[in-house]
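The values are calculated or read from the model by the stated rules, or taken from the named source; none is laboratory data. Note that the structure is a prediction, hence the values are computed from the model and not measured. Counting neighbours? That spans all protein chains shown, and the Cβs are built from the backbone with ideal geometry, glycine included.
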Amino acid sequence: MTTYQRPLRMGMVGGGRDAFIGAVHRKAAALDGEIVLVAGALSSTPEKSVESGRDLGLDPDRCYPDWETMLEAERNRPEADRIDFVSVVTPNHMHYPVARAFVEAGFHVVCDKPMTLTTEEAESLADLVAERGVVFCVTYNYSGYPMVKQARHLVRTGAIGDIRKVVVEYNQGWLATDLESTGQKQADWRTDPDRSGAGGAIGDIGSHAEQLVSDVTGLEIESLLSDLTSFVDGRRLDDDANVLLRFRGGARGVLVASQVCVGALNDLRIRVWGTRGGLNWHQEDPDRLLVTSLEGPEVVYQRGGAGLCDAAMQACRLPAGHPEAFIEAFANVYLAAVRAIRDGAACDYPDVHQGRRGMQFISAVVRSSEAGGQWVSM
């Protein structure tokens, strides 16, 4: 007999009216019926925060004007009624203060990436999470794709041999012009170092590329050399990044992250070559994984098809040929966090340590470029 487990109660900070990623998080969290949004401080403007909560049909008593009020009120609610975790989907500069306060209060946290604004904040947060013993999930959502899990399985089980080279690219074109000067909300804060951090494209999408390499290959970056460029006149943060990677154990890599590639939409792809074969995955064709081998012909794995590992199959919801993509990958990350919160066990989600490593990566890339393109250690 299956025992019913109630949905977890989620609060959200950020993601109100006109926010892109907040709506994505809410849809993903709701997809499997395991999470229900019950509270929110959804904007930095109190009136807009309350109105955004009302837009979503939240109880008026839980449409909070700011996150501090939300934290205090939720702490004072009976345990059977308060939120189980908070989702932090603010601009980057607010990740740390919000996440730290909720962790200190004993709440589990799901946080958008990059996890913090600085490496010092990341170190402090990782220490606090360990001290409080809470679940802390960072939404590197591309790790939730079934074919990414299949790629990881093939690499980790030796199907392509010892890794020699990795190439990862994340190309977009939406910042090819001075979009921030028009007041466009997403461009405005992402190109502002006070709100985005030291990295522009390298922090916004390059952090995804770094995490994808780590998740698929298990390799650790030993050192890197970077060249960051701001092509758009007056832009204060990089909009193009080119990075050479040296991994512990001898493998080599190339990472590209650019937001000025005119015509590119969300062109994330990873290629890994080993001593026995290689693999190729492209986010815009997410249901297919191409694997090459010295011993035989090319093999194409398909989401929902035959021959997938358990982790890949568990990440599928529909039979092969029925497209699943971005929202579902986010949902897989949320679902893994739910299981960790319920069971207190290790689950397949990007945790605070991956968030900390991501900040170390961004910092190293910026240092290398500022030094004129010198090799720096991670």
Scan the stretch 93-107 residue by residue and report those that are at negative phi, of a type outside the set (A, V, I, L, M) and surrounded by fewer than 24 Cβ atoms within 10 Å (Cβ to Cβ).
-> His93, Tyr96, Pro97, Arg100, Glu104, Phe107
From the set of residues in the stretch 95-120 that are in contact with a Phe, Trp or Tyr (Cβ under 9 Å, 6 or more places away or on another chain) and small (Gly, Ala, Ser), which is nearest to Asp351 (Cα to Cα)?
-> Ala99
Could you tell me whether the stretch 138-146 includes any residue that is β-branched (Val, Ile, Thr), closer than 26 Å to Ala311 by Cα and part of a loop (DSSP other than H, G, I, E, B)?
-> yes
Within the stretch 293-323, how many residues are assigned to a strand (DSSP E or B) and crowded, with 16+ Cβ neighbours inside 10 Å?
-> 3
Hey, could you check the stretch 209-232 for residues that are polar (S, T, N, Q) and within 15 Å of the chain's Cα centre (by Cα) and say which is surrounded by the fewest Cβ atoms within 10 Å (Cβ to Cβ)?
-> Ser214
Output for the stretch 238-257, where each listed residue is aliphatic (A, V, I, L, M), surrounded by fewer than 23 Cβ atoms within 10 Å (Cβ to Cβ) and farther than 12 Å from Leu224 by Cβ = Ala251, Val256
Filter the stretch 277-292 for residues that are over 30 Å from Ile21 (Cβ atoms) and surrounded by fewer than 19 Cβ atoms within 10 Å (Cβ to Cβ) and give the result.
-> Thr292
Go through Arg9, Arg54, Arg26 for me and flag whichever is modelled with pLDDT of 95 or more and assigned to a strand (DSSP E or B).
-> Arg9
Single match in Arg367, Arg339 (criterion: surrounded by fewer than 19 Cβ atoms within 10 Å (Cβ to Cβ), outside any loop (DSSP other than H, G, I, E, B) and not assigned by TED's automatic domain parsing to the domain that holds Ile205) | Arg339
Within the stretch 84-111, which residues are in contact (Cβ under 8 Å) with a residue 40 or more places away in the chain and under 14 Å from Ser196 (Cα atoms)?
-> Val89, Thr90, Pro91, Asn92, His93, Met94
Do you know which of the residues in the stretch 269-291 that are without any contact (Cβ under 8 Å) to a residue 40 or more places away in the chain and within 13 Å of Leu154 (Cβ to Cβ) is farthest from the chain's Cα centre (by Cα)?
-> Leu290
Which of the residues spanning the stretch 166-206 are closer than 20 Å to Thr116 by Cα and of a type in the set (Ser, Thr, Tyr)?
-> Thr191, Ser196
Of all residues in the stretch 344-364 being in a helix (DSSP H, G or I) and touching a strand residue (DSSP E or B) at 6+ places or on another chain (Cβ under 8 Å), the one that is nearest to Leu228 (Cα to Cα) | Ala364
Sort out which residues of the stretch 17-46 are closer than 21 Å to Val333 by Cα, small (Gly, Ala, Ser) and in contact with a Ser or Thr (Cβ under 9 Å, 6 or more places away or on another chain), and write them in order of number.
-> Ala19, Gly22, Ala28, Ala29, Gly40
Of the listed residues (Gly206, Gly200), the one being farther than 18 Å from Arg356 by Cβ, surrounded by 23 or more Cβ atoms within 10 Å (Cβ to Cβ) and in the same structural domain as Glu370 (by TED's automatic domain parsing) is Gly200
Going through the stretch 200-228 in order, the residues found to be charged (D, E, K, R) and touching a Lys or Arg at 6+ places or on another chain (Cβ under 7 Å) are Asp204, Asp215, Glu220, Glu222
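Quick grid of which residues meet (1) within 22 Å of the chain's Cα centre (by Cα); (2) of a type in the set (Ser, Thr, Tyr):
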{"residue": "Glu68", "(1), (2)": "no, no"}
{"residue": "Asn76", "(1), (2)": "no, no"}
{"residue": "Thr90", "(1), (2)": "yes, yes"}
{"residue": "Ala101", "(1), (2)": "yes, no"}
{"residue": "Pro114", "(1), (2)": "yes, no"}
{"residue": "Glu131", "(1), (2)": "no, no"}
{"residue": "Cys137", "(1), (2)": "yes, no"}
{"residue": "Tyr140", "(1), (2)": "yes, yes"}
